[in-house]
Amino acid sequence: MPYPPRLPRAATRLAVAVAFVATLVAMPAASPSGSLGPPPVQAAAVCTGWTSETLPPTTIRVLRTEGEAAGSVQVVPFRDYVNVVMAAEWGPSNPTEALKAGAVAVKEYAWYRAMIWRGKSADDGSCYDVVDSTVDQVYAPERRAPSPPLTAAVDSTWETSVHRAGHLFATHYEGGADVACAADADGRRLFQTSAMQCARDGMTAEAILGAYYWPDVEIVGSGPVGPSPSPVTPTPPSLTLRAADSIITWGQDVRLTAGLAPPGTEGAGGRTVHLQRSIDRVAWATVADLTTDASGAAIRVERPATNVYYRLAFDGATDLSEATSPVVRVLVRRLTHLQPGAAPTTRRITRGTTATFSTVVRPARTADESGPVEFRLLRLVGGSWIVSRSWTVTPDATGVARLRVTLASRGTWTVRVVALRTPTNAIGTWSVGPRYEVR
């Protein structure tokens, strides 16, 4: 039946169902009403004719009513049939105990039909045990594929069945009303909506089966129907990341050291950690996958062009859970290269001489940020350089900024330049120009 289920029709179906999540719109009806007593005597004629009540059938004969196979009878591996029906009749987000109870019901209804033939045959005379629709259970492998929670429920209860008076019976189920746990139980059917509430109330699959299939229901087999053992939650490792320098200049490398330490003393080596980077600490991208050595360490050399955040991410393993390291930030100073640059000797010039300076800035300006630089003209006074004047200049598209300065007063002068801070880079360091003696 589709997910979520439709409103129920008339009578029965496989019984154990526990409900579909959220806005359950009730399940369709299934087969005729189930008997409270032991199964009837086997009909003289048989179809699959399975006889064991301790081992499920190996195959089941299904009448197809839709698609290219409509009108034919398919012989389907029994476990595949149960898994596909679970995909149609049960939502994977149902509580685990509900899915386990449902898996028992789906399997046992089909098992019973493979034993007790109702004398039904297709137009070509081929007999069948079940119909692929809500007449029995929805079987639609072309459009329904079981998800891991559903197959896990089937696997964990494969050796489990419910008996009454020592025999299998047709475990009918349908959607039911939105009422309290087992408030609508009648001993013949499992109502999925209220059974889902049972699971939410903490009831095990075994208790759910007993609450709806009373009286005198016996859980048979070694398959676990009670609550699954609580999984052992792996412990996260300790992840560390260290940058050799927290501030670098554009064009320099930064050495990053990753460290992974499991809770114990072993298992640090051979682990894969992801080195991730971000500009805003919101969007992260993996830049390298690192493999730890025997001590749990790994090295990566990066050359970032802008301020950047780094972290490590570990995906987890069977013995360790996922983990993320603290964030490390590396600031990248803007770089300037002033021409003419500092010289070992002082240049002597006359008053009124004009000097031209240029600087190359990296990273260069972008369409989103101008990235200005500041030029300063300084005069040597009593052994200290005093700022006489400053200019803010925007570099061109190639990252070059120029300044012409006329030195009109006597004294010792120099020019310096710095790339100012931008949203993506730190302020640079001052580049020193030549010294001028003006006469």
Just to be sure before I move on: is Asp184 touching a residue at least 12 places away in the same chain (Cβ under 8 Å) and assigned to a loop (DSSP other than H, G, I, E, B) in the structure I sent? no
Consider the range 89-144. How many of its residues are among the β-branched types (Val, Ile, Thr), part of a helix (DSSP H, G or I) and surrounded by 23 or more Cβ atoms within 10 Å (Cβ to Cβ)? 2
Looking at Val154, Val179 in this structure, which one is surrounded by fewer than 21 Cβ atoms within 10 Å (Cβ to Cβ) and either among the β-branched types (Val, Ile, Thr) or at positive phi (or both)? Val179
Would you mind finding the one in Thr359, Thr318, Thr346 that is more than 28 Å from Ile279 (Cβ to Cβ), of a type outside the set (Gly, Ala, Ser) and not assigned by TED's automatic domain parsing to the domain that holds Asp280? Thr346
Answer with yes or no whether Ala426 is outside the structural domain of Gly251 (by TED's automatic domain parsing) and surrounded by 14 or more Cβ atoms within 10 Å (Cβ to Cβ). yes
So Ala114, is it of a type in the set (A, V, I, L, M) and more than 37 Å from the chain's Cα centre (by Cα): yes
Of the residues in the range 284-303 that are of a type in the set (Val, Ile, Thr) and assigned to a strand (DSSP E or B), the one that is nearest to the chain's Cα centre (by Cα) is Thr286
Among residues of the range 214-258 being on the phi > 0 side of the Ramachandran plot and either surrounded by 15 or more Cβ atoms within 10 Å (Cβ to Cβ) or among the small types (Gly, Ala, Ser) (or both), the residue modelled with the lowest pLDDT is Gly221
Tally, over the range 156-168, of residues that are assigned to a helix (DSSP H, G or I) and within 26 Å of Ile116 (Cβ to Cβ): 0
Residue in the range 259-283 that is surrounded by the fewest Cβ atoms within 10 Å (Cβ to Cβ), counting only those that are under 27 Å from the mean Cα position of the chain (by Cα) and of a type in the set (S, T, N, Q): Thr272
Near pairs, Cβ below 6 angstrom, 6+ apart or cross-chain, from the range 49-75 (in contact (Cβ under 8 Å) with a residue 40 or more places away in the chain and closer than 22 Å to Ser133 by Cβ) to any residue that is surrounded by fewer than 20 Cβ atoms within 10 Å (Cβ to Cβ) and charged (D, E, K, R): Gly67/Glu142
Residue hits (the range 334-358; surrounded by fewer than 20 Cβ atoms within 10 Å (Cβ to Cβ) and part of a strand (DSSP E or B)) are His337, Gln339, Arg347, Arg348, Ile349, Thr353, Thr354, Ala355, Thr356, Ser358
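The values are calculated or read from the model by the stated rules, or taken from the named source; none is laboratory data. As the structure is a prediction and not an experimental result, all values here were calculated from the model. Using ideal geometry, Cβ is built from the backbone for each residue, glycine included, and neighbour counts are taken over all protein chains shown.
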